[in-house]
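Engineer: Sharing a structure here in structure tokens format.
The values are calculated or read from the model by the stated rules, or taken from the named source; none is laboratory data. Values in this document were obtained by computation on a predicted structure and should not be read as measured data. Glycine gets a Cβ as well: all are built from the backbone with ideal geometry, and neighbour counts include every protein chain shown.
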Amino acid sequence: MRKVSPIVHAHKVKAPTMIHIGSKDLRVPHHQGTEYHLRLKANGVPTRMHIYDDNHPLGTVPNEFDHIINSMLWISEHLKLDS
């Protein structure tokens with residue numbers, strides 16, 4: 001499993017990366033996401049992380065709204081479109 005873990009391949013990431021994590025996630029512990037975020041940041045990759053008081057799927061309406069709004073702002077900030 002380790003060889004397919006995102007942390008092992010973090011040195012290859014160049015694209016701006018946003019991470020959304022649930023603090024109650026049993027599938028992906030939030031400390032792993034935090035470690036990945038810090039590794040990307042150390043490598044100079046534009047990155048932002050949001051930790052929600054939720055599970056693996058963000059299941060509450062306020063968390064889902066926050067996730068969608070922050071994702072759209074991130075995409076708008078980092079997507080380069082030719083005019």
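Engineer: Output the residue which, of all residues in the stretch 30-55 that are more than 22 Å from Ile75 (Cα to Cα) and touching a Lys or Arg at 6+ places or on another chain (Cβ under 8 Å), is surrounded by the most Cβ atoms within 10 Å (Cβ to Cβ). Before you say what the answer is, go through the steps one by one.
Structural biologist: Kept after step one, since they are more than 22 Å from Ile75 (Cα to Cα), are these residues of the stretch 30-55: 30-32, 35, 53-55.
Keeping just the survivors that are touching a Lys or Arg at 6+ places or on another chain (Cβ under 8 Å) gives 53-55.
Values: Asp53: 11, Asp54: 19, Asn55: 15.
Of everything passing the filter in the stretch 30-55, Asp54 is surrounded by the most Cβ atoms within 10 Å (Cβ to Cβ).
Engineer: Scan the stretch 28-43 residue by residue and report those that are within 11 Å of Thr17 (Cβ to Cβ) and of a type in the set (Ser, Thr, Tyr).
Structural biologist: Tyr36
Engineer: Residue pairs, Cβ under 7 Å, 6 or more apart or interchain, first in the stretch 1-29 and of a type in the set (S, T, N, Q), second at pLDDT 95 or above and assigned to a loop (DSSP other than H, G, I, E, B). List them.
Structural biologist: Cβ pairs passing all conditions: Thr17/Val45.
Engineer: For the stretch 2-29, what are the residues that are over 20 Å from Thr60 (Cα atoms), exposed (fewer than 13 other Cβ atoms within 10 Å of the Cβ) and of a type in the set (A, V, I, L, M)? Please lay out each step first, then the result.
Structural biologist: Within the stretch 2-29, the subset over 20 Å from Thr60 (Cα atoms) is 2-17.
With exposed (fewer than 13 other Cβ atoms within 10 Å of the Cβ) added as a condition, the list becomes 2-5, 8-9, 11-12, 14-15.
Within the stretch 2-29, Val4, Val8, Ala15 qualify.
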